[in-house]
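Peer 1: To start, I am sharing the structure in question, which I have written as structure tokens.
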Amino acid sequence: VQLQASGGGLVQAGDSLRLSCAASGRTFSSYTMGWLRQAPGKEREFVAVISGSGGTTYYTDSVKGRFTISRSNAKNTVWLQMNNLKPEDTAVYYCAARSNRYRVDSGDDYDYWGQGTQVTVSS
């Protein structure tokens with residue numbers, strides 16, 4: 001599976017962005033898809049994850065109510081809608097695929113990774 005993330009940019013606090021991750025291959029629904037991020041000087045952290053069917057999602061506490069993960073298996077795409085962005089959301093955001101369509105948790109052990117897209121939120 002090859003993943004291509006896009007949609008990052010420079011925004012002000014309170015603004016919104018939608019990240020996209022396009023996947024290659026014909027078995028996209030077989031993968032749990034996640035978004036993770038890494039801020040400068042910090043460890044990579046889990047942000048959100050969605051099951052293969054799209055029926056189950058899970059978020060880290062700091063983004064609950066602000067971010068929404070969704071997917072279209074017909075389009076081989078997963079999105080991360082980010083609203084009310086804060087400066088602490090500044091990071092490189094990575095999409096990733098896990099070869100277990102049912103496992104939805106905050107682990108960072110994914111099988112495939114995209115290249116990352118930079119999100120910068122100014123105060």
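Peer 1: Please find, among 35, 113, the residue that is open to solvent by 30 Å² or more (accessible area, probe 1.4 Å), closer than 17 Å to residue 8 by Cα and touching a Leu at 6+ places or on another chain (Cβ under 8 Å).
Peer 2: Step by step, each of 35, 113 is checked, and only 113 is open to solvent by 30 Å² or more (accessible area, probe 1.4 Å), closer than 17 Å to residue 8 by Cα and touching a Leu at 6+ places or on another chain (Cβ under 8 Å).
Peer 1: Looking only at strands (runs of 3 or more DSSP E) that fall completely inside the stretch 1-97, which ones have 2 or more residues that are among the hydrophobic types (A, V, I, L, M, F, W, C)?
Peer 2: Filter on the stretch 1-97 gives 3-6, 9-12, 17-23, 32-38, 45-50, 67-72, 77-82.
Peer 1: Now a separate question. Within the stretch 93-110, restricting attention to residues that are touching a residue at least 60 places away in the same chain (Cβ under 8 Å) and open to solvent by 40 Å² or more (accessible area, probe 1.4 Å), which residue is nearest to residue 16 (Cα to Cα)?
Peer 2: Only one residue fits best here, namely 94.
Peer 1: Return the residues of the stretch 43-59 that are open to solvent by 50 Å² or more (accessible area, probe 1.4 Å) and either closer than 13 Å to residue 110 by Cα or touching a residue at least 12 places away in the same chain (Cβ under 8 Å) (or both); say none if nothing qualifies.
Peer 2: Those that are open to solvent by 50 Å² or more (accessible area, probe 1.4 Å) and either closer than 13 Å to residue 110 by Cα or touching a residue at least 12 places away in the same chain (Cβ under 8 Å) (or both): 44, 45, 53, 56, 57, 58.
To keep it simple, each residue is scored yes or no on (1) out of contact with any helix residue (DSSP H, G or I) (no Cβ under 6 Å at 6 or more places or on another chain); (2) closer than 16 Å to residue 36 by Cβ; (3) modelled with pLDDT of 95 or more.
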{"residue": "59", "(1), (2), (3)": "yes, yes, yes"}
{"residue": "65", "(1), (2), (3)": "yes, no, yes"}
{"residue": "83", "(1), (2), (3)": "yes, no, yes"}
{"residue": "86", "(1), (2), (3)": "yes, no, yes"}
{"residue": "102", "(1), (2), (3)": "yes, no, no"}
{"residue": "105", "(1), (2), (3)": "yes, yes, no"}
{"residue": "121", "(1), (2), (3)": "no, no, yes"}
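The values are calculated or read from the model by the stated rules, or taken from the named source; none is laboratory data. Because the structure is a prediction, the values reported are computed rather than measured. Glycine gets a Cβ as well: all are built from the backbone with ideal geometry, and neighbour counts include every protein chain shown. These accessible areas exclude ligands, DNA and RNA; they are computed on the full protein's heavy atoms, side chains included. Shrake-Rupley method; radii C 1.70, N 1.55, O 1.52, S 1.80 Å.
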